[in-house]
Structure formats: structure tokens, C-alpha cells
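Here's the structure we're looking at; comments come further down.
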Amino acid sequence: MSRAAPKSFHVKSFGCQMNVYDGARMGELLASEGMAEADADSADLIVLNTCHIREKAAEKIYSDIGRIVKRADTAGRGKPMIAVAGCVAQAEGAEISKRAKAVDIVVGPQAYHNLPGLVRAATAGGRALDTDMPALSKFESLPRRRKQGPTAFLTVQEGCDKFCTYCVVPYTRGAEISRPWHALIDEAKALIDNGAVEISLLGQNVNAWADGGRGLHDLIEALAALPGLARIRYTTSHPNDMADGLIAAHRDIDKLMPFLHLPVQAGSDRILKAMNRGHDVAGYLRLIDRVRAARPDIAVSGDYIVGFPGESDADFEDTLAVVRAIGHAQAFSFKYSPRPGTPAATMGDPVAPEVADERLQRLQALLAEQQMAFNRATIGKRCEVLIERTGKRPGQMLGKSPWLQSVLIDGGAIGDLVTVEITAAGPLSMNGQVRTPAFV
Ligand code: 5AD
Ligand code: SF4
């Protein structure tokens with residue numbers, strides 16, 4: 001049975017920054033097809049851009065679908081067209097169609113450039129599924145970047161060949177691919193033309209980006225030369241791809257912000273081995289020392305998993321010890337969640353949920369303490385803040401410090417880079433006062 005073609009859309013992203021980037025590009029694509037962006041309550045097409053990394057993230061979509069159907073019922077309007085995109089779509093495509101009849105379209109993260117065709121198929125009355133993984137064609141067939149805020153994401157690398165035993169990414173995002181140099185320079189220029197002052201380079205293993213003998217530091221150097229761009233960031237990195245040139249870039253390139261997200265995941269060599277991380281704790285700590293020698297004020301972020309199969313009390317104490325040795329500006333921590341199809345899911349020797357919960361709480365308490373200590377240590381510093389949005393109070397603005405802290409200030413406009421003196425620290429945000437550099 002055919003239906004009316006959707007005239008408006010709403011994209012909801014649930015996952016990592018790359019998932020958010022994909023969501024933005026799907027929005028641009030649908031807009032280029034003449035559809036208008038709308039809110040979740042009124043859109044004719046709702047794209048749920050899902051994340052598969054942990055169980056909670058993956059389960060969320062089913063409750064969301066239920067809510068969308070119910071809301072449309074209550075409002076007395078027809079069910080909107082529902083597209084499930086992202087990594088759950090990739091991993092569980094057919095199962096989603098079976099389990100949630102309200103879903104019209106399933107589209108994987110490497111196939112979303114085909115969304116307009118899938119929408120047409122669903123309009124004609126079918127259910128449409130595309131979870132192909134054609135290497136690079138997605139980027140080539142997406143429209144040019146649209147107007148957006150002062151900070152922009154740019155996917156430079158996708159996929160992963162590392163096969164950490166807990167992780168779905170090699171399966172949902174496929175093998176590592178690097179986008180070509182010229183395509184990236186072009187997209188960066190388009191972003192800057194559309195108002196981007198800061199670009200964050202994205203990749204599951206962003207520091208493995210390579211094209212024709214050039215590495216990520218070469219790309220960063222070329223982007224730093226583009227007029228109009230003030231800041232460059234990159235995420236997420238793997239310790240084994242942290243090239244000398246990239247470490248040196250933190251010393252040599254002012255526009256490269258002093259922030260490094262470099263997950264170690266655990267502090268026990270035994271667990272790192274079971275995770276197939278390909279590095280040990282000592283090697284990681286040496287790397288951090290070298291990065292800090294290049295850029296002493298660098299803010300170090302990371303990811304941790306607690307409760308990996310076989311993790312003993314002693315292993316967990318080693319994780320706390322490594323966190324203490326590093327001193328994070330911020331870090332993310334997760335309870336291990338077995339993902340179907342990954343080697344760790346069949347390892348046995350699970351950690352009891354209440355033990356994992358308690359470990360997570362202890363780790364999070366330590367990380368919160370470290371974040372507060374880092375924030376306190378920036379009081380009195382003068383730095384540039386890039387204003388991203390308005391704050392809660394009238395006249396108040398919110399921006400980011402070079403170390404990625406949220407800073408509340410009075411005055412300035414979105415997109416401004418202002419010199420600020422940090423005056424107070426909270427656990428999650430800082431207060432600052434705008435200073436005119438001339439009075440320094
Ligand atoms: N369980 C818990 N956390 C996970 N991560 C990845 N896979 C899992 C999993 N199965 C975490 C890792 C990774 C971050 C993005 O998510 O710490 O770095
Ligand atoms: Fe989630 Fe990983 Fe997919 Fe990002 S790449 S949306 S973290 S599963």
C-alpha cells in the first residue's frame with residue numbers, strides 16, 4: 001500500500017560523535033531532497049540513528065519506536081515513517097524489522113547516502129533495508145556541507161581493524177578506511193565557509209588516518225594553514241597509532257588544542273591481553289609521558305571498562321592505580337556489556353553485576369575527583385574560549401576552553417573566540433571573565 005511521501009524529517013542521534021556526524025549528514029541529504037527539518041512530534045519521517053556499543057544504547061530504540069507510535073496515536077495522526085539507522089541497524093537489521101513492525105526503513109552507517117531511495121521505496125509501500133558496506137562511496141554521493149555552528153565534526157577515518165575482543169565496531173563500521181586528502185581539505189573548507197571556527201576530526205581510530213604516505217599530523221598541519229579556522233581537535237585515538245609526528249604536532253601547531261582522548265581501557269596487563277588491546281600498561285604510560293613532554297598542559301581523557309570477563313579485585317585495583325598515575329582531566333567509564341558476535345561475549349568467567357557496579361562507582365568517584373582537581377588547577381589561567389551557545393541566564397554565554405571545559409561567561413556572541421580569565425571551578429563547568437588582551 002503506498003502512502004504520501006514525507007515532506008519533513010527529524011533525525012535523532014544516540015551514539016558517539018561519529019554517529020552525530022552521520023546524523024547531521026543524513027539531515028543535509030534529506031534537506032537537499034526538499035524535505036524540511038521538523039521536531040519529533042510533527043515530522044513525517046523520523047530517523048533513529050542508533051548506537052550498538054553497549055546493551056543499554058541498543059535497547060533504547062525499541063522503547064523509542066513504541067513512544068513514537070503512541071504519540072502519533074494520541075495526536076490522532078498517522079504513524080510517521082520510521083527509519084532505523086546507525087550501528088544497531090547494521091548489526092541487527094533483519095531482527096529489527098521482525099521485532100518492530102512499525103519500522104519502515106533500516107539503513108546501516110555505510111549506506112545512508114541511499115536514504116532518499118529507501119524513502120521512495122517505503123513511500124511506495126515496501127519495507128526497505130540497506131546494510132551494504134561499500135567502502136567510500138557514501139561520502140562521494142553526499143551533498144556539500146550546510147550552514148552550522150562554530151564547531152563542526154569531520155569524519156576522516158572510519159572502521160577498525162584492531163578487534164578488541166569486547167567491541168562491535170569492527171563489525172558495525174567495517175574495516176579501517178581513510179578518506180582521501182583532497183576530499184577532506186574540500187570538506188573542511190566548506191565547513192569554514194559555513195561558519196566553522198573549530199573542526200574536530202573523527203575516526204574510530206582517527207590517528208590511523210593515512211593517505212599516500214601522509215599521516216594525521218600532516219592533515220592537521222594543512223588544516224591549520226586554512227584561514228578562518230582557529231581550532232583543531234581529533235578523536236578517538238588508539239595508543240598503537242600514536243605516531244611521533246602527531247606527538248610533535250601537539251608541540252608545534254598552536255591551533256591543535258591541548259586535549260587528547262587516548263583510551264587505555266584497563267590497568268592490568270592480563271586484562272589488556274584478554275581484550276586484545278595490543279599494548280601494555282607501561283607502554284601506555286610512556287606514551288603519555290612523551291605527549292606531556294611535547295605539550296605539558298595537555299588534558300588527558302580516556303575510556304575505561306570495568307567488569308571485563310575474568311577481572312579480579314587485583315586487576316581492578318590496577319585500573320585505579322593506572323588512573324592515579326595518569327591524572328585525567330576527564331574520562332569515560334563503562335560497565336562491560338557483552339555484545340553479540342564479539343569474542344569476549346563467549347569468554348566465560350563473568351564478573352557478578354553487583355561487583356561490576358561497585359567497581360564502576362569507585363572508578364567514577366576517582367575520575368570525578370581528578371576532573372575537579374584539573375578544573376581547580378585552571379583557576380586564574382587566561383585562555384581563549386570559543387563561544388558555542390547561550391547560557392541559562394540572560395546575557396550569559398557558554399563556550400569551551402582549549403582543554404574542552406565548559407566555561408560560562410557574560411557577554412560575547414556565538415562563534416566568538418574571547419580571551420577569558422577562569423575565575424571559578426565546578427565539577428562540570430567553569431566560570432570565567434572576559435578580558436581584553438590589550439589589558440593583559
Ligand atoms: N562494553 C562496555 N564498554 C564498551 N566500550 C566498547 N565496547 C564496550 C562493551 N562491550 C567502551 C570502550 C570504548 C568506548 C567507546 O566504549 O571503552 O572506548
Ligand atoms: Fe555506537 Fe560505535 Fe556505532 Fe559510534 S560507532 S554509534 S559508539 S556502535
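The values are calculated or read from the model by the stated rules, or taken from the named source; none is laboratory data. Quick caveat: nothing in here was measured; it's all calculated off a predicted structure. All Cβ positions, glycine included, derive from the backbone under ideal geometry; neighbour counts span all protein chains shown. Only protein heavy atoms, including side chains, enter the accessible area calculation; ligands, DNA and RNA are left aside. Shrake-Rupley method; radii C 1.70, N 1.55, O 1.52, S 1.80 Å.
Quick notes
- Only DSSP H runs of four or more residues enter the estimate; each adds -39500 (n - 2.57), and after division by the residues of the chain the mean residue ellipticity at 222 nm equals -11000 deg cm²/dmol.
- Between Ser141 and Arg382, the distance separating the two model label sites (each 7 Å from Cα on the Cα→Cβ line) works out to 5.4 nm.
- Phi angles of region 230-236 translate, via the Karplus equation with coefficients 6.51, -1.76, 1.60 and θ = phi - 60°, into HN-Hα couplings of 9, 9, 10, 10, 8, 6, 9 Hz per residue; Gly and Pro are given as x.
- Average accessible area per residue (Å²) across region 8-134 - probe 1.4 Å, nucleic acids and ligands excluded: 40 Å²
- Calculated P(r) tail over 16 Å for region 144-253, as whole % of Cα pairs: 58 percent
- The distance from the alpha carbon centre of region 116-188 to that of region 1-63 is 14 Å, rounded to a whole number.
- At a probe radius of 1.4 angstrom, the accessible area of region 144-253 per residue rounds to 35 square angstrom.
- Distant alpha-carbon pairs in region 258-377 (separation over 16 angstrom), percent: 60 percent
- With the convex hull drawn over the C-alpha atoms of region 382-434, the volume per residue is 65 Å³.
- Candidate membrane-span-like segments in the chain, meaning DSSP H helices with Cα atoms spread over at least 15 Å of their own axis and a Kyte-Doolittle mean of 0.0 or above, are 181-193, 281-294, 313-326, with no membrane implied.
- Annotation: region 122-165 has a Kirkwood hydrodynamic radius of 14.6 angstrom, from the mean reciprocal C-alpha pair distance.
- Ordering 199-209, 175-185 by mean Cβ neighbour count within 10 Å, with the highest value first, yields 199-209, 175-185.
- Counting only DSSP beta bridges with both residues in the chain, the antiparallel share comes to about 35 percent.
- Given charges at beta-carbon only (K, R positive; D, E negative), |dipole| of the chain in Debye: 1000 debye
- Viscosity 1.306 mPa s, 10 °C: Kirkwood-radius Stokes-Einstein D of region 287-440 over Cα pairs, µm²/s: 89 µm²/s
- For the Cα trace of the chain, dividing Rg by the Kirkwood Rh returns an Rg/Rh value of 0.97.
- By the Cβ distance rule (another cysteine Cβ under 4.7 Å), the unpaired cysteines of the chain are Cys16, Cys51, Cys87, Cys160, Cys383.
- A P(r) calculated from all alpha carbon pairs of region 1-72, with 5 Å bins opening at zero, reads 3, 16, 23, 23, 20, 11, 3, 1 percent.
- Dipole check for region 8-134: with +1 at the C-beta of Lys and Arg, -1 at the C-beta of Asp and Glu, and the Cα centre as origin, the magnitude is about 420 Debye.
- Stretching the chain fully between Lys56 and Gln361 yields a gain of 108.0 nm (0.36 nm per residue, less the alpha carbon separation).
- Rough spin-label spacing in nm, given labels placed 7 Å along Cα→Cβ, for Gln396 and Asp313: 4.5 nm
- FRET efficiency for Ala31 and Lys70, using Cβ-Cβ distance with R0 set to 22 Å, rounded to 0.05: 0.20
- The trypsin sites (Lys or Arg not before Pro) of region 58-135 that meet both conditions, a loop assignment by DSSP and at most 15 other Cβ atoms within 10 Å of the site Cβ, are Arg77, Lys101, Arg127.
- Extension gain (nm, one decimal) between Asp252 and Arg77, 0.36 nm per residue minus Cα-Cα: 57.2 nm
- Quotient of C-alpha Rg and 2.2 N^0.38 Å, computed over region 8-134: 0.95
- Computed over all pairs of different Cα atoms, the Kirkwood value for the hydrodynamic radius of region 105-200 is 15.2 Å.
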